[in-house]
Amino acid sequence: MWGIEHTAMIVAFAGLAAGLAFNRQWSWLFIASLSQIPFWGGYVADAIYSNPSPSTVNIILNVMVAGAFATIAEKLQALRRGGIVCIWLCILFLIMASVDVVHLIAPFDSYFSMQEFLHYLALLVIGGRVYVKRTYSTNGDLVHSPNIGKGKDLA
């Protein structure tokens, strides 16, 4: 069933995707899109197959996405371009898979709320990393400018 949580997720993802596309952050747009696969996979399992508890589908998708983030982080680290955010996302999606396993063993009422919170947290981590990277590179250029300290007036 379509609900407010799906509308809110579309709005949150669309806002992040628009910001990433506007700033031409294509790799981060891909990562943000990848993070949405388990959320919408669970919705499809519920909508099409009438699976009231899409935990089994979410386990598979969360582990798949966690593996993809670990692979991306490995490639970034080989290029000496960081990758720590992808490791954090990998851990976050493994936590989501753990929540799914717990829900299979002992169903609890706050399962969907917890999953939504963790998906929003993933979008927040991605958006926060892009914001910090953009702010750091902008301010970093000003701080490390070759003309600083050359006796020019700041006014």
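Normalised by the residues of segment 1-71, what does the relative contact order come to in percent, with Cα pairs under 8 Å and at least six apart?
Averaging sequence separation for qualifying contacts and normalising by length gives 25 percent for segment 1-71.
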- Task: Sort the following peptides by mean Cβ neighbour count (other Cβ atoms within 10 Å, averaged over residues), highest first: 66-74, 14-22.
- Result: 66-74, 14-22
- Stretch A8-I37 to full length: gain in nm at 0.36 nm per residue minus the Cα-Cα span? 8.9 nm
- Query: Per 5 Å bin from zero, what fraction in whole % of the C-alpha pairs of segment 13-85 is there, up to the bin with the longest pair?
  - Reply: 3, 16, 19, 17, 19, 14, 8, 4, 1, 0
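Read the figures in this text as sums done on the coordinates, not as results from a lab. Keep in mind the model is a prediction, meaning the values are calculated, not measured. Virtual Cβ from ideal backbone geometry, glycine too; neighbours counted across all protein chains shown.
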